[in-house]
1. Determine if the stretch 1-14 includes at least one residue that is assigned to a helix (DSSP H, G or I) and either within 23 Å of Lys91 (Cα to Cα) or modelled with pLDDT of 90 or more (or both).
2. Just checking: which of the helices (runs of 4 or more DSSP H) contained wholly in the stretch 51-146 hold 1 or more residues that are at pLDDT below 90 and over 29 Å from the mean Cα position of the chain (by Cα)?
3. Residues of the stretch 15-49 being under 20 Å from Pro83 (Cα atoms), of a type in the set (A, V, I, L, M) and not in a helix (DSSP H, G or I), which ones?
4. From the list Phe108, Phe125, exactly one residue is of a type in the set (A, V, I, L, M, F, W, C) and either more than 24 Å from Met186 (Cα to Cα) or exposed (fewer than 14 other Cβ atoms within 10 Å of the Cβ) (or both). Which is it?
5. Taking the stretch 169-212, which residues are modelled with pLDDT under 60 and in a helix (DSSP H, G or I)?
Amino acid sequence: MISHDYNTQRKKMTLPEYGRNVQKMVDHIKTIDDWEERNRAAKTIIQVMGNLNTHLRDVGDFKHKLWDHLAIIADFDLDIDSPYPLPEIQKLIAKPNEIPYVQGEIRFLHYGRIIELMINAAIDFEDGEEKEYLTTLIVNQMKKSYITWNRSQVADEVIINDLKLLSRGKLEVTDGVKILETKELMPPPPKKKLQGKPLGKNHGKQNNKQFNKKKGHGKH
């Protein structure tokens with residue numbers, strides 16, 4: 001009788017991104033009695049892990065990260081001479097701090113809270129080019145959000161009035177602020193593909209042959 005080796009029946013992998021083979025190699029070096037040979041095997045596994053996850057090379061202290069992962073895969077039960085201290089288990093299993101939910105009612109849902117925060121930040125800017133630039137970003141994002149939410153055009157006066165309401169009259173659209181046209185803010189809809197088969201290269205030639213036959217027939 002054939003025995004099948006299913007993933008559901010195998011030992012659970014601590015870090016699945018390294019694959020089953022790395023897990024097996026780590027489990028194997030635990031059985032190596034010679035301490036020096038076990039260390040050499042661990043360094044070989046580190047090289048394999050680095051080749052499997054090249055994206056980690058962009059992470060600061062790349063080697064340190066790999067040795068931490070080796071310890072995690074080994075379930076912190078591997079006697080080797082690691083060049084780095086072992087990661088703290090309590091920090092790994094600790095739950096992340098809860099992100100506080102921002103209370104308060106959003107006045108215009110189609111603008112969202114981010115716009116309100118940007119407006120509050122722009123109010124604190126001193127008058128000048130930077131404030132005008134930030135205000136330009138805000139009003140154009142407001143216009144784009146309004147059109148996207150309501151699926152309809154909107155007059156610039158509506159955006160300007162909403163800006164006054166949200167800023168409590170503290171932020172104005174000066175001459176240096178430019179509100180873009182709708183076609184500049186919104187991408188054009190994708191063109192529909194033509195139905196039917198495209199005309200082949202020989203289509204024109206066939207028409208010419210039929211036309212020439214008719215001309216010849218008319219001479220008789």
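The values are calculated or read from the model by the stated rules, or taken from the named source; none is laboratory data. Because the structure is a prediction, the values reported are computed rather than measured. Neighbour counts run over all protein chains shown; Cβ positions are idealised from the backbone, glycine included.
1. Taking every residue of the stretch 1-14 in turn, none turns out to be assigned to a helix (DSSP H, G or I) and either within 23 Å of Lys91 (Cα to Cα) or modelled with pLDDT of 90 or more (or both).
2. Numbers: elements: 62-73, 89-93, 112-123.
Filter on the stretch 51-146 gives 89-93.
3. Across the stretch 15-49, the qualifying residue is only Ile32.
4. The match here is Phe125.
5. Answer for the stretch 169-212, where residues must be modelled with pLDDT under 60 and in a helix (DSSP H, G or I): Asn202, His203, Gly204, Lys205, Gln206, Asn207, Asn208, Lys209, Gln210, Phe211, Asn212.
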